[in-house]
Amino acid sequence: MSCINGKTYLDRINRLHNNVWINGAKITGNLSEHPAFKGVMKSQAMLYDMQHEKAFQDILTFKSPSTGDNVGTSYLEPKTKEDLAKRRKSFQVWAHQNVGMMGRSPDYMNTVVMTFAACAKLFGDKQYTENMRNFYTHCRENDLSLTHTFIQPQVNRSALYFENASDAIAARVIEENKDGLVIHGARLLATQGGMTDELLVFPTGAFHFDAAYAYAFSIPSNTPGLKFVCRESFDNGKSHYDHPLSSRFEEVDSVVLFDQVTVPWDRVFLNGSTDIASRLYTDSSFMPLQVHQVTSRNIIKTEFILGILQSLVDAIKVGEYQHIQEKITEVIVTLETLKALLTASEVHASIDQWGTMVPDRKPLMAAMNLFPRTYPRFIEIMQLIGASGLVSIPTEMDFQSEIGDELRHYLQSADRDGYEKVKLFRLAWDLSMSSFAGRQILYERFFFGDPVRFATGLYRDYDRSEYVKWVEEFLNRQK
Ligand SMILES: Cc1cc2nc3c(=O)[nH]c(=O)nc-3n(C[C@H](O)[C@H](O)[C@H](O)COP(=O)(O)OP(=O)(O)OC[C@H]3O[C@@H](n4cnc5c(N)ncnc54)[C@H](O)[C@@H]3O)c2cc1C
């Protein structure tokens, strides 16, 4: 089967009737028509539609090695630097469509599946290795969408805390039987939970002494016993004028509950090996391949933010002030740094032990340490430049009312009338002040893990021995 279009995506998810809870009730009826999901599912569907547009087909698809049909580029296992470039272009074409706001556009998870299939031998057991590879082929050929839960509930993060097995909170294997593994408990945090075909569950990456937490699998989102419990939605059903971003790109986050869920054996990739569980992220090329996708998107997001900031500056004519120029320059510097790091990662790409062409890890780790710190600053800059303009924002209905003409006049900026000025400033508001904005900041800080432990990882892995040796040599110079 070839890559899907938006309609197939929407129909398929609606048919699953996933067990999704929001605001104290289970969603019945079509998920794509529910107020919390309508906007974002439409945006997701548009991405799938693009795979069939002539202008994007060469970038967004490649020929399936099994059937010769067009399948999604994010499933392409890179073997050459050209493959990496093709992957980057496809990420950026999609990110452009959602102005970098959908952190979990399908290419994110497709990359995870591709990466672990490429190093499937890492899963040890012959059957699990085969399961991982078969699952990848199944996803690629059917263009499946996925969500994931890679962490355990935030109950007690003390290093000395061990959960009591008889009163388990974090999902664990409670039984193995002829049908598969039985999982019971909770996992965090499935962004897009409920609006995808599949749920991928992997171990946290931290070492666990208890083998009951050392599992990896994927199951259809409508598997019996599986529940997605969503936070309240930040899409308030307002127009694109009023909430330009939250009405389109609000990716709901959910807690996932497993009530004695059976995972069939052919969907199990790992079971019981704490050793393999702790090596999954270090011995695979998960980090560089994933951060390659993430940084490609972050570049597009930064470009969009830069565009908004400059539009604000031009609208109220504050570009002559040095501190404004300095603030805009801060964003430019980050943008150029991200681009340089991404290019460097591709130029210095090499084949890993699994035979995959992998972008250089070091510049990507630098990019991944940089962005979670600079993104909140971008938003601060937006508030500092937008000032009262970010709250002088009547709604579309106000403009359509009898006071509309007054608003057009009194709310004008140096370059546009009140309606157009408020339209621009509402966009800046939705990115810097709304609930959607707050969630985006938290997302960029944490979505790929704890930034503190991420920095620790770079500290640990970055080889400085040569420089230390050099300093010693200098200290011992006789001349
Ligand atoms: C908006 C959003 C969307 C997300 N989407 C997904 C998703 O789709 N799928 C998914 O699997 N996950 C997702 N995540 C979860 C994300 O991976 C985690 O937030 C991240 O790994 C941090 O874990 P935590 O939130 O449990 O924070 P915690 O680990 O509880 O950390 C809380 C605080 O304690 C500190 N801390 C805790 N333990 C240690 C330690 N050992 N050493 C030093 N400091 C420590 C941290 O630095 C931090 O300041 C998402 C998160 C957010 C915010």
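The values are calculated or read from the model by the stated rules, or taken from the named source; none is laboratory data. This one's a predicted model, so the numbers in the text were calculated from it and none came from an experiment. A quick note on method: Cβ atoms are made from the backbone with ideal geometry, for glycine too, and the neighbour counts reach across all protein chains shown. To get the accessible areas, we keep the full protein, side chains included, count just its heavy atoms, and leave off ligands, DNA and RNA. Shrake-Rupley method; radii C 1.70, N 1.55, O 1.52, S 1.80 Å.
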Rounded to 0.05, the calculated FRET efficiency for the beta carbons of Asp179 and Asn156 at R₀ = 41 Å is 0.80
With all protein chains in place and a 1.4 Å probe, Val40 shows an accessible area in Å² (nearest 10) of 0
By the C-alpha gyration tensor axes a ≥ b ≥ c (rounded if a/c is under 1.5, else prolate when a/b exceeds b/c, else oblate), the shape of the range 147-279 is prolate
Stretched fully, the stretch from Asp210 through Lys479 gains (0.36 nm per residue minus C-alpha distance, one decimal, in nm) 91.0 nm
Hits in the range 238-276: amide N under 13 Å from the 7 Å Cα→Cβ extension of Met46, namely 240-241, 244-250
Summing -39500 (n - 2.57) over every DSSP H run of at least 4 residues in the chain and dividing by its residue count gives a helix-only mean residue ellipticity at 222 nm, to the nearest 500 deg cm²/dmol, of -16000 deg cm²/dmol
With all protein chains in place and a 1.4 Å probe, His409 shows an accessible area in Å² (nearest 10) of 110
Contact order relative to length for the chain, counting C-alpha pairs under 8 Å separated by 6 or more residues, stands in percent at 16
Descending accessible area (1.4 Å probe), largest on the left, turns Thr61, Thr67 into Thr67, Thr61
Log10 I(q)/I(0) at q = 0.20 Å⁻¹ for the range 107-150, from Debye over equal alpha-carbon scatterers, is -0.60
Rounded to the nearest 10 Å², the 1.4 Å probe accessible area of Lys38 is 120
Length gained, Tyr462-Thr395, 0.36 nm per residue minus C-alpha separation, equals 19.0 nm
Given backbone amide H placed at 1.01 Å from N, residues whose amide H is under 5 Å from that of Leu270, ignoring those fewer than 5 places away on the same chain, are Ala216
Given 25 °C, 0.890 mPa s and a Kirkwood radius over Cα pairs, the Stokes-Einstein diffusion coefficient of the range 33-101 in µm²/s is 189
Short to long, in 10 Å steps from zero, the percent of alpha-carbon pairs of the range 359-464 per bin is 14, 32, 22, 16, 11, 5, 1
Links exceeding 22 Å between C-alpha atoms in this model, out of Lys86/Lys301; Lys26/Lys178; Lys126/Lys178; Lys54/Lys339, come to Lys26/Lys178; Lys54/Lys339
Yeah, the range 6-144 with a ≥ b ≥ c from its alpha-carbon gyration tensor (a/c under 1.5 is rounded, else prolate when a/b outruns b/c, oblate otherwise) is oblate
In debye to the nearest 20, the charge dipole size for the range 1-43, taken about the Cα centre with +1 at each Lys and Arg Cβ and -1 at each Asp and Glu Cβ, equals 40
Note to self: C-alpha centroids of the range 164-201 and the range 15-51 sit apart, in Å, by 22
Averaged per residue, the 1.4 Å probe accessible area of the range 147-279, protein heavy atoms only, in Å², is roughly 40
Residues whose built amide H sits under 5 Å from the amide H of Asp242, excluding neighbours closer than 5 in sequence, are Glu396
Once phi for every residue in the range 215-231 is put through the Karplus expression 6.51 cos²θ - 1.76 cosθ + 1.60 (θ = phi - 60°), the whole-Hz ³J(HN,Hα) values, with Gly and Pro written as x, are 9, 8, 6, 9, 9, x, 5, 9, 4, x, x, 8, 9, 10, 10, 8, 6
Of the accessible area of the chain, computed with a 1.4 Å probe and all protein chains kept, carbon and sulfur make up a percent value of 54
For the range 238-307, one quarter of the surface area of the C-alpha convex hull, expressed in nm², comes to 8.7
For Gln57 and Asn369, extending 7 Å from Cα along the Cα-Cβ vector and measuring point to point gives, in nm, a value of 4.5
One would report the antiparallel percent of DSSP beta bridges in the chain, rounded to the nearest 5, as 85
Simple spin-label estimate for Arg279/His240, 7 Å along Cα→Cβ, in nm, reads 5.1
What the Cα atoms of the range 286-468 span along the principal axes, largest first and in whole Å, is 68, 33, 27
Counting only backbone N atoms under 17 Å from a point 7 Å out along Cα-to-Cβ of Trp21, the residues of the range 218-249 in range are 222-233
With 0.36 nm assigned to each residue of separation and the Cα-Cα distance removed, Glu402 to Lys469 gains 16.6 nm
If each part is reduced to its alpha-carbon centroid, the range 225-241 and the range 243-316 end up apart, in Å, by 18
Taking max minus min of the Cα coordinates of the chain on each principal axis, largest first, gives extents in Å of 81, 72, 51
